[in-house]
Amino acid sequence: MENNENVSPQASQKPKRKKHKWIGVIIAVVCVVLINELLKFCLEPYGSASQVMWDDYHKEDSIDQIFVGSSLCYVGISPYVVDDIMGTNSYNMGTPSQYLAQTKLAIKTAIEDHGVKRVVMALGYFSLTGERSTIAEVSFLRAKTKGESLLEKLTTYANYAFDEDIVGTPASLNYFFPWIYNSVDLKEVASNVKAKLEGKQATEQEMVNNVYRHYVGKGYGYLTGYLNFDDTGNDTTYSYYSETFSEDSLQELRDIANLCQENDVELIVIATPHPAYDVLSYGTNGDEYFEKMLLLQELFAEYGAEYYDFNLAKDELFTTSDSYFFDHEHMNKEGSEAFSTSLANFLLMKEAGEDLSSLFYTPEEYLDSIDYISTIWFNTTTKTNGISVSSIAYTGTNVDVEYQYTVYNESTGEYKVVQDYSSSTSCLIPFGADGNDDGSIKIVVNARQVGSDLAYEKRCVQTISYDK
């Protein structure tokens, strides 16, 4: 018989200590999980564009073709307009700031779920200048999996976490702690929580969060408002994304093209319309823009895909208008509906085997076609005796421009001409030329084509502060 009298008190306590230790670990883990869930509920934004897109996507029974890309796609292509003309069932899978890795995932999902046979990708130069953003990618993934089963969620996470660029890095854990990198401002926490508790539709909350965007459905939302050409000449895509295309981005494009080719999916890549000055701002008369365009055409041609730049579309395909734009790169509701009509007719012509190359200008023809002033801008330098103004007009190659330099008096509402119309692109505005000497002056530079009798064709307005 075993003699228990020789067992020390310390030895008898060891199993209890181990048990207590494990209980403590379990309690700590549960607390961490609960706190994390609370923080996710309070801080992770509700009603994001990605969430809205995926929520509505999961409701679709069948989809014939998809539109993918960043906000240029999201607000630029209306599936309703396209479907009315083509008799298709389309879906817009574009989302603001969508990186190419997310575009690829959207395409792959639509192929697997619906067997789509056409993908139209709206490609902006923004998407091609940056490196992979794991934060944006995880936000997109989490939105995608909200309506999926636990197995699908785990599969999506595993595919992300064990990606060769992600595995073993802190980014592999981002999926579980979204509030760290994707959270609302503290002042918006209450409304974010309220929307979730009330079960408000994600589409409704998305429009609360973005007052200029109006979600319609099928992944599409339009922008309200018009571009003010009086103060926009320095706000260009080139000023934000002038870098060369990153190799990561170009490889993502190859992967997307290859994915479509392997699945017998027609890939059509397009550049959506921008104001002419946005194209012309690339280098000298858009020369850098056209170099990038040629690079993309050659890349996609290797995979049997085609790239079409609708900025170079002739009038019989798409006629642009200043009233079509919300800012230097996005169309408003009027513009998106006009462009969607053009795109639908273009796709029908492509299906019919018509010659599409004749519908687009060459770069040289495009520059000749811009027979107007798209916009103007001026830079300033403070001198000892005034403000030196240097102007630039964005035009085609055969446009002669003249400039008028004026100042505006806020008190009287009157303009004073400092230098009348001439071909001079520079002018010195004396301090106090507006009749005030308060340390600031509103300068208005008017521009028109030589021989015009208009007061101005385009103008630029800036208020310049100065110290004498």
- Query: Taking the stretch 116-134, which residues are among the β-branched types (V, I, T), open to solvent by 10 Å² or more (accessible area, probe 1.4 Å) and closer than 17 Å to A106 by Cα?
  - Reply: T134
- Would you check which residues across the stretch 49-92 are on the phi > 0 side of the Ramachandran plot and open to solvent by less than 10 Å² (accessible area, probe 1.4 Å) and list them? G69
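Return the residues of the stretch 439-468 that are open to solvent by less than 60 Å² (accessible area, probe 1.4 Å), under 20 Å from N398 (Cα atoms) and not acidic (D, E); say none if nothing qualifies. If you could, list the steps in order and put the result at the bottom.
Step one: list which residues in the stretch 439-468 are open to solvent by less than 60 Å² (accessible area, probe 1.4 Å), which gives 439-449, 452, 457-462, 464, 466.
Subset that is under 20 Å from N398 (Cα atoms): 446-449, 452, 457-459.
Once the filter is applied, which keeps residues that are open to solvent by less than 60 Å² (accessible area, probe 1.4 Å), under 20 Å from N398 (Cα atoms) and not acidic (D, E), the stretch 439-468 yields N446, A447, R448, Q449, S452, K458, R459.
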- Query: Which of the residues that make up the stretch 284-342 are closer than 20 Å to V119 by Cβ and in contact with a Gly (Cβ under 7 Å, 6 or more places away or on another chain)?
  - Reply: S336, F339
- Query: Which ranges mark the strands (runs of 3 or more DSSP E) fully within the stretch 410-468 that have 2 or more residues being among the polar types (S, T, N, Q)?
  - Reply: 414-422, 440-449, 458-465
- Message: more than 22 Å from S281 (Cβ to Cβ), touching a residue at least 40 places away in the same chain (Cβ under 8 Å) and not hydroxyl-bearing (S, T, Y): is that true of Q419 in this structure?
- Response: no
- Message: Cβ contacts < 8 Å: first residue in a strand (DSSP E or B), restricted to the stretch 347-362; second residue modelled with pLDDT of 95 or more and of a type in the set (G, A, S), any location; separation 6+ or different chain. Result?
- Response: F360/A313
- Message: So if I check each of S374, S336, which one is touching a residue at least 12 places away in the same chain (Cβ under 8 Å), under 30 Å from I443 (Cβ atoms) and under 27 Å from the mean Cα position of the chain (by Cα)?
- Response: S374
- Inside the stretch 287-300, can you point out the residues that are free of Cβ contacts under 8 Å to residues at least 12 places away in the same chain and either polar (S, T, N, Q) or in contact with a strand residue (DSSP E or B) (Cβ under 8 Å, 6 or more places away or on another chain) (or both)? Q297
- Query: So which of E414, E402 ends up being open to solvent by less than 40 Å² (accessible area, probe 1.4 Å) and acidic (D, E)?
  - Reply: E402
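Of the residues that sit in the stretch 296-345 and are part of a strand (DSSP E or B) and in contact with a Pro (Cβ under 7 Å, 6 or more places away or on another chain), which one is surrounded by the most Cβ atoms within 10 Å (Cβ to Cβ)?
To start, the set of residues in the stretch 296-345 that are part of a strand (DSSP E or B) comprises 306-309, 313, 325, 331.
Of the ones still in play, those that are also in contact with a Pro (Cβ under 7 Å, 6 or more places away or on another chain) are 325, 331.
On the way: F325: 24, M331: 27.
Only one residue fits best here, namely M331.
Looking at the stretch 232-279 only, could you name the residues that are outside any helix (DSSP H, G or I) and of a type in the set (A, V, I, L, M, F, W, C)? Spell out the reasoning first.
Going through the stretch 232-279, the residues outside any helix (DSSP H, G or I) turn out to be 232-236, 241-246, 263-275.
Within the stretch 232-279, F245, V265, L267, I268, V269, I270, A271 qualify.
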- Does the stretch 138-158 include one or more residues that are within 23 Å of G76 (Cα to Cα), part of a loop (DSSP other than H, G, I, E, B) and open to solvent by 40 Å² or more (accessible area, probe 1.4 Å)? no
- Message: Looking at the stretch 261-286, I want the residues that are farther than 20 Å from A301 by Cβ and in contact (Cβ under 8 Å) with a residue 40 or more places away in the chain and have a partner that is in a loop (DSSP other than H, G, I, E, B) and among the aromatic types (F, W, Y) with Cβ atoms under 9 Å, at least 6 apart or on another chain. Which pairs are those?
- Response: P273/F318; P275/F229; A276/Y372; Y277/F229
- Mind listing just one residue for me: the one in the stretch 421-438 that is among the polar types (S, T, N, Q) and surrounded by fewer than 16 Cβ atoms within 10 Å (Cβ to Cβ) and, of those, nearest to the chain's Cα centre (by Cα)? S426
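The values are calculated or read from the model by the stated rules, or taken from the named source; none is laboratory data. Model, not experiment: these values are computed from the prediction. A quick note on method: Cβ atoms are made from the backbone with ideal geometry, for glycine too, and the neighbour counts reach across all protein chains shown. We work out accessible area using only protein heavy atoms, side chains counted, and drop any ligands, DNA or RNA first. Shrake-Rupley method; radii C 1.70, N 1.55, O 1.52, S 1.80 Å.
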